[in-house]
Amino acid sequence: MRQMHGLARRFWYVHYRKAADLPEMARLHAAVAHAIAEGNVDNAGHALDLLLDNIEEFARSTVVEV
């Protein structure tokens with residue numbers, strides 16, 4: 001993932017205005033951080049799954065629109 005991070009970041013900045021729901025993305029990131037801060041592994045895993053699903057949906061909708 002480390003090698004892909006820079007490319008993923010560039011992809012995000014190029015396309016986020018067209019396809020991303022920023023308030024939802026912020027809420028999902030906050031849920032992951034909150035669960036980690038609480039030390040709740042199960043909730044952190046679930047929150048991360050939701051975040052990754054959202055990221056995948058964003059990427060797919062962006063690629064389809066191009």
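The values are calculated or read from the model by the stated rules, or taken from the named source; none is laboratory data. Please read all numbers here as calculations on a predicted model, not as lab measurements. Cβ sites come from the backbone with ideal geometry, for glycine too, and all protein chains shown count toward neighbours. Remember, those area values only see protein heavy atoms, side chains included, never the ligands or the DNA or RNA. Shrake-Rupley method; radii C 1.70, N 1.55, O 1.52, S 1.80 Å.
Quick notes on this one:
- Carbon and sulfur %, accessible surface of the chain computed with the full protein complex present, 1.4 Å: 59
- Taking other residues whose beta carbon is less than 13 angstrom from the beta carbon of N54, and scoring Lys, Arg as +1 and Asp, Glu as -1, yields -4.
- Full extension of the chain segment joining Y16 with I36 gains 4.6 nm, where the gain is 0.36 nm per residue of separation less the Cα-Cα distance.
- Reference-scaled alpha-carbon Rg (2.2 N^0.38 Å with N residues) for the chain: 1.20
- The residues of the chain expose on average 80 square angstrom of accessible surface per residue, using a 1.4 Å probe on protein heavy atoms.
- Ellipticity at 222 nm from helices only: DSSP H runs of n ≥ 4 in the chain, each -39500 (n - 2.57), divided by the residue count, give -31500 deg cm²/dmol.
- Among E56, E38, E24, the largest mean-square fluctuation in a Gaussian network model of the chain (Cα springs under 10 Å) belongs to E38.
- Taking 7 Å steps out from each Cα toward its Cβ at H29 and V63 produces label points 2.3 nm apart.
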